[in-house]
Amino acid sequence: MRIAYLDCFSGVSGDMFMGALVDAGVPALLFEQTVAALNIGARLEISRVQRNGISATKVDVYSNGEKDLPREMYWEQQTRQSGHSHHPGDAHSHAHPHEPQPVALLEHNYALQNSAAAGAETTSPRPVPHEHGRGLIEIRGIIGKAAISEAAKKTAIVIFEALGTAEAKIHGTDIEHIHFHEVGAVDAMVDIVCAAVGAEALGVDEIVCSPLNVGGGTVKCAHGTLPVPAPATLELLKNAPLYSSGIQAELVTPTGAAIVKTLATRFAPFPAMKVEKAGYGAGTRDFAGHANVVRLTIGESQQKLSSDISQSTITVLEANIDDLNPQIFGYVIDRFLQEGALDVFGMPVQMKKNRPGMLLTVLCRPADAAKFTHLIFAETTTLGVRQRDERRQALAREWVTVITRWGDVRLKVASMNGDITNYAPEYEDCRRIATERHVPLKAVLQEALRLYLNGQR
């Protein structure tokens, strides 16, 4: 199995991940074509730099001619240009329309446009060209129109939704009220969409991530001074192994955290692998005595796993329900399966105050998690949905068809190490025949099995 290992010993950001992808062999032209396909006024500048003796690829994003900067570097620049010290987010901060727009106020510099939800007027250090920013609906539309693969589009949207969900929780609102500033959205869209396209181009079966060095201290942003890791970053990296090496700087950005959260299947030390190549992506800052790079190592896993067993990541959604009409519960299961859920099931549970209820469990692809979460809220009476990602191993399977006297029946056949381990007639085929031909269902099932075991296909 071909795997990639992302070593975040100096954290990770969107542009660092892009640099590592290019350094590991993803064509720079692919990213340039991806950025052009977004049609949002951005371009890339790709160069070789040194970070404490390590040669790495640096990717810079330009929006309307202005270069993206880490947020604290941006605020330092603004302080020097203004000639006096001021704090971002202060109500009296001066705006200078003739100065360049801040391309990276925060990689996640989003403005809450719903002041009732925010509880206070949102201020910006300078006017932005698109006053209300871009909401997720508009961002989904831009990504949807881009000339990239459907799989990459889905991955990019999932990353953006993870970012928006984290921000919504921090600000106490819902995801549809989160708006990305025009300039911040350009940088984030480039990083996120290129990450999705580049990860697909790697052609690996799994991306594994190291524990993340988040840095320390505080960071200045449009909303004021925040602790490192920033609140959105911390929300995104729940259950991930984090540490700080003592560097007083923000090493993991919210965009980097969202990319890792979505693309990495697990966090682990360096895995047993036969290394093919390694790529280094550079951050903007150059620390003394510390290489500010992220490393991406590509190789073949040395795990011995049967070739008949596939591995994948699935999302598990759960909700406890104690006040739903049982007739609706059956409808919900059918609806979710029609919408593409991998599996749906319910189990009786005893809930608080000794009330009997049902545990609804939906298994789906990570890219479909947001859709099915919305469906659970829309179709049931639950007030909360739990979500987690799990590793799944599945046997190889194939369909074979037997011809019964009443019609064709498919059987699903599973195998491991070349040996057949399970086989079963397709229930829907047998049910349809039993209904149409007015024969007992068990007779159809038995006949299909008899023909398969006798080799009559």
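The values are calculated or read from the model by the stated rules, or taken from the named source; none is laboratory data. Everything numeric here is computed off the predicted structure, so don't read it as measured data. All Cβ positions, even for glycine, are placed from backbone atoms using ideal geometry, and neighbour counts span all protein chains on display. Each accessible area value is taken on the protein alone, full model and side chains, heavy atoms only, with ligands, DNA and RNA left out. Shrake-Rupley method; radii C 1.70, N 1.55, O 1.52, S 1.80 Å.
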Expressed per residue, the solvent accessible area of the stretch 1-69 in Å² (1.4 Å probe) is about 36 Å²
In Å², rounded to a whole number, the accessible area per residue of the stretch 142-285 with probe 1.4 Å is 35 Å²
Using alpha carbon centers only, the stretch 186-231 is separated from the stretch 395-457 by a whole-angstrom value of 49 Å
Debye calc, one equal point scatterer per Cα of the stretch 226-267, no solvent, log10 I(q)/I(0) at q = 0.30 1/Å comes to -1.19
Taking 0.36 nm per residue of separation between Ala394 and Tyr331 and subtracting their Cα-Cα distance, the length gained on full extension comes to 19.9 nm
Of the listed links Lys169/Lys371; Lys67/Lys277; Lys154/Lys261; Lys274/Lys412, those spanning more than 24 angstrom between alpha carbons are Lys67/Lys277; Lys274/Lys412
Computed over the stretch 384-457, protein heavy atoms only, probe 1.4 angstrom, the accessible area per residue in square angstrom equals 68 Å²
For Lys353 and Gln248, extending 7 Å from Cα along the Cα-Cβ vector and measuring point to point gives, in nm, a value of 5.3 nm
So the carbon and sulfur contribution to the accessible area of the stretch 144-303, 1.4 Å probe, in percent, is 54 percent
Residues whose built amide H sits under 5 Å from the amide H of Thr404, excluding neighbours closer than 5 in sequence, are Val409
For 430-443, 283-296, ranked highest to lowest by mean beta-carbon neighbours within 10 Å, the order is 283-296, 430-443
Note, the stretch 369-384: 3J(HN,Hα) by Karplus (6.51, -1.76, 1.60, θ = phi - 60°), whole Hz, Gly/Pro = x, goes 4, 5, 4, 6, 4, 4, 5, 4, 5, 6, 9, 10, 9, 5, 9, x
